[in-house]
Amino acid sequence: MSEIRKIIQQPLFKITSLNSIHILLKLVFGFITSKALAIFVGANGMAFVGNFRAFLNVVENFSLLGIQNAIVKYVSEYQHDKVKLKSVLATFGLLLLVSSIAMSLILIFGANYLSKEIFHHSEIYSFVFYILAIVFPLYVFSTFCISVVNGFQEYKKVIYIQIISSSIALLFSVFLIYYYNTFGALLSLVLAPVFVFFNSLFYLRNAISFSDVFSIASFDFSVIKNLSEYVLMALVSGVIGSFVLLEIRTDVIEITGLKNAGIYEGLQRISSYYLLFISSIMSIYFYPKLAVNNSNIQVIVFNYFKTIIPVFTLGLVLIFLLRKFIIQVLFSTEFETMESLFLWQLVGDLLKAMSLIFGTILIATKQTKAFIITEIVSLFIMYFSTNWMLHAIGINGIVIAHTFTYFMYLLVLVIYFRKKLS
């Protein structure tokens, strides 16, 4: 009993437990949204939703300049130094304000072109890009606010923000999908981060002020000089990586058809739900720890593989056993062929989860060269193996290529870190 009590009292266990509640709610919310999409939008519409999500990742990562991780790091370091903290917040805040406004202008003037490129030669959804342009600064600053809360190491607040925002977004999404079908689904993706922004502001109301964030007098060029590593890493993983994924989705449509692309998007929705468990724990617990103190890498990695990976693996086995039931509950008969994609997708996601801790170490410790090389190699393998496998065996090829990519990626990272882990 004393050993169990010790485990329960550990901060990681408390955060993991609260995070698990959040992930469970996200799963439920995601299930409801997926069912609504399957009924009111169908596989073809879901393919468009997937493409638009990939596009949002590209523009968001480009506008964030890769500094969300830098925000977490520097806020963690200077949270007790009010002068330096104000300087950091102002520098990041003004940079994001300029980048988000610039992106909004690009979205306005390129709306028709983007609609044709993203939505399979159709301009009927160009209005979505105008709406995105209007709210895009809030879209970017929702990530800024979450990163600041995370930097203060207020892990519980981060999770509470996400739970409340997800709850509001669910109601909003179902309403829009029910009444406006595909257009409503696209609109819900655009507006969901706005809820995160206002919810984050509530939690930050006593910690920072607008005058801190947008103070030109506090803008510090020396902070920018230290951002080069983060910008380079974001350029590779965020912008180029997201663009590669968008191109892969486009290839799926061109090679296997719109319906298969929608089925693949449905599978990716399931994948994104359970991977939230890993990514959120990584961002709210492991990354801040590594950013402040990276001298204990071996202990942190072993702790991750000892506490997180076994639970995650068990969850994947359960999902595989229940895959038929999951498809029936979440989607419709139109998505039945998704069953054949599960095995390779789950194996690939397990390898991805294992490799994520090593990638996080590279980012937190600013090992820029190693990070860029491993990312470029993995993206190269991902794109060309996916393209080749899609042509060779059809839609099943994309999940096999997914597993192959992360096997190679994990292998390279383990070899790179072998000395630090021994």
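Just a few scattered comments:
- Tensor-based shape of the chain (alpha-carbon gyration tensor, a/c under 1.5 rounded, otherwise prolate or oblate): rounded
- Computed from backbone phi with θ = phi - 60° and the Karplus coefficients 6.51, -1.76 and 1.60, the 3J(HN,Hα) list for the stretch 270-279 is 4, 4, 5, 5, 6, 6, 4, 4, 6, 5 Hz; x is used for glycine and proline.
- The helix-only estimate of mean residue ellipticity at 222 nm for the chain, built from DSSP H runs of length n ≥ 4 each weighted as -39500 (n - 2.57), is -28000 deg cm²/dmol after division by the residue total.
- Note, ³J(HN,Hα) from phi for the stretch 60-69, Karplus 6.51, -1.76, 1.60, rounded to Hz, x at Gly and Pro: 5, 5, 5, 6, 6, 6, x, 8, 5, 6
- The listed peptides 409-418, 236-245, ordered by packing as a protection proxy, come out as 236-245, 409-418 (highest mean of other Cβ atoms within 10 Å first).
- 27 Å Cα-Cα reach of residue 369 towards lysines, excluding residues that sit fewer than 8 places from it in its own chain: 73, 225, 289, 352, 419, 420
- Solvent-accessible area per residue in the stretch 228-293 equals 32 Å², computed with a 1.4 angstrom probe and all protein chains kept.
- Approximate shape of the stretch 142-283 as ellipsoid semi-axes (Cα gyration tensor, √5λ), whole Å, largest first: 32, 22, 15
- Semi-axes of the equivalent ellipsoid of the stretch 87-191 are 28, 21, 8 Å, computed as sqrt(5λ) over the eigenvalues of the C-alpha gyration tensor in descending order.
- Each peptide among 89-97, 65-73, 127-135 gets the average number of other Cβ atoms lying within 10 Å of its residues, and from highest to lowest they stand as 65-73, 89-97, 127-135.
- In order through the stretch 165-178: 3J(HN,Hα) via Karplus (6.51 cos²θ - 1.76 cosθ + 1.60), integer Hz, x for Gly, Pro: 4, 5, 5, 5, 4, 4, 4, 5, 5, 4, 4, 5, 5, 5
- Rounded, prolate or oblate (a/c below 1.5 giving rounded, otherwise prolate when a/b exceeds b/c) for the stretch 339-400 by Cα gyration tensor: oblate
- Rounded percent of accessible protein surface that carbon and sulfur make up, the chain, 1.4 Å probe: 68
- Seen through its C-alpha gyration tensor, with square-root eigenvalues sorted a ≥ b ≥ c, the stretch 241-291 comes out oblate because a/c lies at 1.5 or above while a/b is not bigger than b/c.
The values are calculated or read from the model by the stated rules, or taken from the named source; none is laboratory data. Computed from a predicted model, the values in this text were never measured in an experiment. Backbone-built Cβ (ideal geometry, glycine too); neighbour counts: all protein chains shown. The accessibility values were calculated without ligands, DNA or RNA, using every heavy atom of the protein model including side chains. Shrake-Rupley method; radii C 1.70, N 1.55, O 1.52, S 1.80 Å.
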